[in-house]
Amino acid sequence: MLGFGLVRSFVGVGSPCTSATLLRNGRRKHVRLGSGIKMTAVSSAKFSSSDTSEKPVSKDVLSFQEAISRLQKYWADKGCIVWHPYNHEVGAGTMNPATFLRVLGPEPWSVAYDEPSVRPDDSRYGENPNRVQRHTQFQVIMKPAPRNCQELLLGSFQVLGIDTAAHDVRFVEDNWESPALGAWGLGWEVWLDGMEVTQFTYFQQAGGYTCDPVSLEITYGLERIMMSLQNKNHFKDIVFSPGGISYGDIFMQNEVEMSTYNMDKANVERNQILFDAYEKEALDMIESRLPVPAYNYLLKASHTFNILDARGAVGVTERAAFFRRMRNLAREVSGLWYDRRKELGFPLLSPESDSKEPEIPRKEWQLMAEVVPFILEIGTEELPADDVDHAITQFERHLKELLVSSGLSHGSFKAFATPRRLVAVIDDLASSQADSEEEVKGPPRKIAVDEHGELTKAALGFCKKNGVDPADVEWRDLKGQSYLYATVKTKGRHAGEILAECLPSVISKIGFVKTMRWNASGTAFSRPIRWITALLGDEEIVFEYAGIESGRDSRGLRVSGGLAPKIPIGSAADFESAIRSKRIVLGVSERREMIREMVLKTASSVEGTIADEYTGLGEGTLLAEVANLVEDPKPVLGSFDSTFLKLPKAVLTTVMKKHQRYFPVVYPSSDELLPAFITVSNGPTDDEIVRNGNEAVLRARLSDASFFYDKDCQKSLAEFKPLLSGLTFQEKLGSMLDKNDRVEELVRSVGTMIGGSEKDLEAAERCASLFKADLATNMVVEFTSLAGEMGRHYAKTSGEDDDVADAIFETVLPRFFTDKVPQSTAGCIVAVTDRLDSLVGLFAAGCAPTANTDVYALRRTAVGLIAILQGKGLTLNLRDAVQEVARVQPLKVDDDTKNAIIEFIIRRFESSLLEQGKRVDLVRAVISEQGEDPLRVQAALGELENLVAESKSLVVALEVYGRPSRLIRSKGDIISTLEVHEELFESEIESNLYAAFQEAKQSIEANGHSVTSVVSALSTMQVQVDDFFENVFVMSDDEKVRTNRLALCANIAALPNGILDLNQIQ
């Protein structure tokens, strides 16, 4: 789903060529599809396919228009209205009012339609085989979302001739959000053998309004799907009609001419006037309370903006202003549409039924064995990979807490998780709570017995409250008084009764970073819950959660048509064996070990191996992610053309690992790449089909990467730098070029603060002049995670020195928590300066993080800054650095903002230290005094930890410091000076203390103001401090003497200032 002003190709870098299994006349026919994409240009003069002769078309080939007809019939049979493409240019099917407006409000709405989607920035004159400025989406909206959403989608694949049992079909996390439109939803990209063919989203909000009920959106990329099914390498060769007319025959002229208009001929001045006119017309229609024509003009304005953007006519500040204007229109139109439908009485809304869902009857539990097996399974649509690990940890913890609080003892506890289920298995769970007895004290005899010796109302009420017969109570003496006592016997509740009552609460406590609603229950979870299996022994534990009633049926792997057959579970003891018999591997660790062994063995078959960074068993690795994407892992070895090995290794591994979740195969001896990869499919798929499909996907991605790489290599890295002017950093702070220039201006002064040599400073200056240039390269625009990597590579190919090129890469480090820090001083200088520029500029622009938002990831920026200084042992005074960086900002940075920036960095530093397991009191003792220099904090904290271990000297120092410090804190308001006058001393005790203080001060200065010197100096003053406070009355009646003594104490209390705050140490 794409919003105003946003562009994405219909194919992107995914393959249009893969394998399919076509179903014809009830017989399965395997057809090998796709042998690669030929990157040959199409002449602008050609408006049709390259071959004008008669085109033989196999009867088995599904044409483009037949595919649309089949999808229309399929979804019409499922209750959808067959809608029409809208009569305005839209960037995506989402923007047809049949979606964007109709998902608002309570009215039910199911619709299906094909939508020509126009994106001027994707104009390629018909020369790019995978990208066009006008492509076709097929859009489905179902509101409210049905329970069998995924099955419906996969069933639609069947009518296109795709056998989902033979292919590797994946639901890969896709969280769509358009803050500019106040719209977002959660769902998936749907992959077919590694190729994204559909987007599948549950709308949560649109136009700033909560979607209630939730709508399901399915968006098919038709060109992508048809290129795959028809074995075509170029969009122009798609068979459009059964007669053999091609896509190029119909649309190539349009593609070439509209590309020419979009990129070369559109008049910028007139289109700017048109945008203003369309906006004004939309506002007038809103004023007239006509949301439909207002929306039409919003679409016109949006398309006009896209033309201006394609022409390169939208600058840094203009882009933000355009987005703001369109966002305001979208929200106004959405609100007006909702209000108008409400005024009309929501015509499509059926009268509410008075019938209520029948309540689940209370189950009478029968006596069981003393201990019985227990199983709880939460079945879901595919969870995001990270959520699998987070969810099972919480699930296990909350369930164990329930068992403990309920007094239900248990034996072994096993927790399992897959993308589609969270499972808890207990072999021996107590079938009931233990019976209990409790002695309860009642009222005293004088209240419990009347003058006739009979129990009073108070006593009888006590008996009734505790369920005891008055004849069974007894009297006991307590502290000279007689009290009524009762022995209250409580029979333990059945485990089934407790679990039926409390398991919904256990599920509700599982939290996620992002949650969604999907049905009328309003329950929020990571993805929809579709079944719950709960058994105690062979008895069902019946309860309802999220509109789902628990039962004894689990679900297996999806088979043909997308159906996941039920797996009846006779008893909790049978669960594991029943699930494993269906090839489902329940344990996360088990799947990781299995996949690791499989991919290493598979790689060895081509005399290769898999690098350790991909096969680590810990969190955050490729192996960990892949293990959470499958239930029945099966490795499939694929290959690619060795000519692609000319690409930088980082490009190849990024495409394979990040985009496709493939394991790159390397030579065991050199760690260099082989032209091979391993994908891990899910379930009993057809290996040849999956291999061919994934090879074609990778071939297309690498072909695009090769195209971008060759295009980039036509320029030096420095030639890309001016293009940064078209990339926005922040509206008030200018472009990326402006940011690059600021950093370039600052590196010498910041580098000098850090202590860089002249050689380091020269390398840093050259690095800073180019370090953002790769953001404008085609490769980084397409593969954003390669920023820095491509900068280094292009710097070297442009003839830059290796130390400069390496420093360019190091400026992006660390990229994540466990990443390495820059190793060269030049790289550190530029990386630190860049992060300081971001912090200072964005704070000044009003973009500081809040408790709930951190749009510019400034927390991560601050943590990275600290990590660099710590990791390389660099000293930097943050106050001086912030002051210097503020000097070059385009905005005024006042003192309050500077202080806020420094405090923000210090707090991130503090959190980092605490996450490393440091004692909170020791961290705060040091950071409160030396936080503006992280390196000094690190050294001081190490000293303090050693002193704590030794303990004796620190204890003495705390005692010595504590006496004058407490006095000063209580009398601080009357201390007017720190100046001590020896002539006002009235005793030798005062002189001795002052001499000890002076000696301590000199010792601290002589030893570099270290923590150890402070503790040692204070310890040597113990005798003099004790003597002073035991024999000298500080608060003398003589004001001068009193002031002098307070000044002496204040000086002693100030000895640790700037080094550590001893008051923090506990």
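The values are calculated or read from the model by the stated rules, or taken from the named source; none is laboratory data. Everything quoted here is computed from the prediction, not taken from an experiment. All Cβ positions, even for glycine, are placed from backbone atoms using ideal geometry, and neighbour counts span all protein chains on display. Heads up: the accessible areas ignore ligands, DNA and RNA and are worked out on the full protein's heavy atoms, side chains in. Shrake-Rupley method; radii C 1.70, N 1.55, O 1.52, S 1.80 Å.
Numerical summary
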item	result
Enumeration of residues in the stretch 678-689 that are more than 15 Å from Ile595 (Cβ to Cβ) and open to solvent by less than 20 Å² (accessible area, probe 1.4 Å)	Thr685, Ile689
Matching residues, the stretch 292-320, being modelled with pLDDT under 90 and of a type outside the set (A, V, I, L, M)	Asp309, Arg311, Gly312, Gly315, Thr317, Glu318, Arg319
Hits in the stretch 888-908 - residues which are farther than 28 Å from Ser1010 by Cβ, outside any loop (DSSP other than H, G, I, E, B) and open to solvent by 60 Å² or more (accessible area, probe 1.4 Å)	Asp895, Asp896
Criterion (more than 30 Å from Val388 (Cα to Cα), among the acidic types (Asp, Glu), in a strand (DSSP E or B) and open to solvent by 10 Å² or more (accessible area, probe 1.4 Å)) met by exactly one of Asp121, Asp114	Asp114
Of all residues in the stretch 756-780 being under 35 Å from the mean Cα position of the chain (by Cα) and among the polar types (S, T, N, Q), the one that is modelled with the highest pLDDT	Ser769
Number of the condition not met by Arg102 [criteria: (1) within 11 Å of Lys143 (Cβ to Cβ); (2) touching a Cys at 6+ places or on another chain (Cβ under 6 Å)]	(2)
Residue list for the stretch 1041-1054, restricted to those being in contact with a Leu (Cβ under 6 Å, 6 or more places away or on another chain) and farther than 12 Å from Ser965 by Cβ	Val1041, Asn1044, Ala1047
Residue within the stretch 1042-1060 that is open to solvent by 50 Å² or more (accessible area, probe 1.4 Å), more than 26 Å from Ile927 (Cα to Cα) and either touching an Asp or Glu at 6+ places or on another chain (Cβ under 7 Å) or not basic (Lys, Arg) (or both) present	no
Subset of the stretch 354-412 (residues that are among the charged types (D, E, K, R) and crowded, with 21+ Cβ neighbours inside 10 Å)	Glu377, Glu382, Asp387
Meets criteria (part of a helix (DSSP H, G or I), within 34 Å of the chain's Cα centre (by Cα) and β-branched (Val, Ile, Thr)) for Ile392	yes
Residue match in the stretch 737-755 (condition: assigned to a loop (DSSP other than H, G, I, E, B) and either modelled with pLDDT of 95 or more or within 30 Å of the chain's Cα centre (by Cα) (or both))	no
Strands (runs of 3 or more DSSP E) lying entirely in the stretch 447-546 (those with 2 or more residues that are exposed (fewer than 15 other Cβ atoms within 10 Å of the Cβ) and hydroxyl-bearing (Ser, Thr, Tyr))	481-490
Some residue of the stretch 971-981 being at pLDDT 90 or above and open to solvent by 40 Å² or more (accessible area, probe 1.4 Å)	yes
Residues (free of Cβ contacts under 8 Å to residues at least 60 places away in the same chain, surrounded by fewer than 18 Cβ atoms within 10 Å (Cβ to Cβ) and either under 18 Å from Asp837 (Cβ atoms) or among the acidic types (Asp, Glu) (or both)) located in the stretch 909-932	Glu915
Search result, residues across the stretch 1029-1048 that are in contact with a Ser or Thr (Cβ under 8 Å, 6 or more places away or on another chain) and either in a helix (DSSP H, G or I) or within 18 Å of Val955 (Cα to Cα) (or both)	Asn1031, Arg1042, Thr1043, Arg1045, Ala1047
Residues being touching a Ser or Thr at 6+ places or on another chain (Cβ under 8 Å) and open to solvent by less than 10 Å² (accessible area, probe 1.4 Å) - total across the stretch 700-718	3
Failed criterion for Lys739 (all others in (1) open to solvent by less than 20 Å² (accessible area, probe 1.4 Å); (2) closer than 25 Å to Leu600 by Cβ; (3) among the charged types (D, E, K, R) hold)	(2)
1 or more residues more than 25 Å from the chain's Cα centre (by Cα), farther than 23 Å from Glu189 by Cβ and of a type in the set (Lys, Arg): qualifying helices (runs of 4 or more DSSP H) within the stretch 576-667	588-604, 649-653
Odd one out for Ala434, checked against (1) open to solvent by 10 Å² or more (accessible area, probe 1.4 Å); (2) in contact with a helix residue (DSSP H, G or I) (Cβ under 8 Å, 6 or more places away or on another chain)	(2)
Some residue of the stretch 371-390 being at pLDDT 95 or above, among the hydrophobic types (A, V, I, L, M, F, W, C) and touching a Lys or Arg at 6+ places or on another chain (Cβ under 7 Å)	yes
Pick from the stretch 595-612, criterion in contact with a strand residue (DSSP E or B) (Cβ under 6 Å, 6 or more places away or on another chain) and under 13 Å from Val680 (Cα atoms), ranking: most open to solvent (accessible area, probe 1.4 Å)	Met598
Residue list for the stretch 655-677, filter: surrounded by fewer than 18 Cβ atoms within 10 Å (Cβ to Cβ) and either at pLDDT 95 or above or farther than 22 Å from Pro633 by Cα (or both)	Tyr667, Pro668, Ser669, Ser670, Asp671, Glu672, Pro675
Verdict on Ser405 being among the hydroxyl-bearing types (Ser, Thr, Tyr) and assigned to a strand (DSSP E or B)	no
Inter-residue pairs, beta-carbon under 8 Å, first farther than 18 Å from Gly873 by Cα and in the stretch 743-760, second open to solvent by less than 10 Å² (accessible area, probe 1.4 Å) and among the acidic types (Asp, Glu), 6+ apart	Val743/Asp837; Leu746/Asp837
Pair list, Cβ < 7 Å and 6+ apart or interchain, from the stretch 148-173 residues that are in contact (Cβ under 8 Å) with a residue 60 or more places away in the chain and more than 14 Å from Gly683 (Cβ to Cβ) to residues that are buried (at least 20 other Cβ atoms within 10 Å of the Cβ) and of a type in the set (Gly, Ala, Ser)	Leu160/Ala67; Gly161/Ala20; Ile162/Ala20
Matching residues in the stretch 522-534 - criterion: being in contact with an Asp or Glu (Cβ under 9 Å, 6 or more places away or on another chain) and on the phi < 0 side of the Ramachandran plot	Ser526, Arg527, Pro528, Ile529, Arg530, Trp531, Ile532, Thr533, Ala534
Conditions (1) surrounded by 18 or more Cβ atoms within 10 Å (Cβ to Cβ); (2) assigned to a helix (DSSP H, G or I); number of the one not met by Asp1026	(1)
Enumerated helices (runs of 4 or more DSSP H) restricted to the stretch 777-863, each holding at least 3 residues that are aliphatic (A, V, I, L, M) and crowded, with 22+ Cβ neighbours inside 10 Å	802-810, 825-844
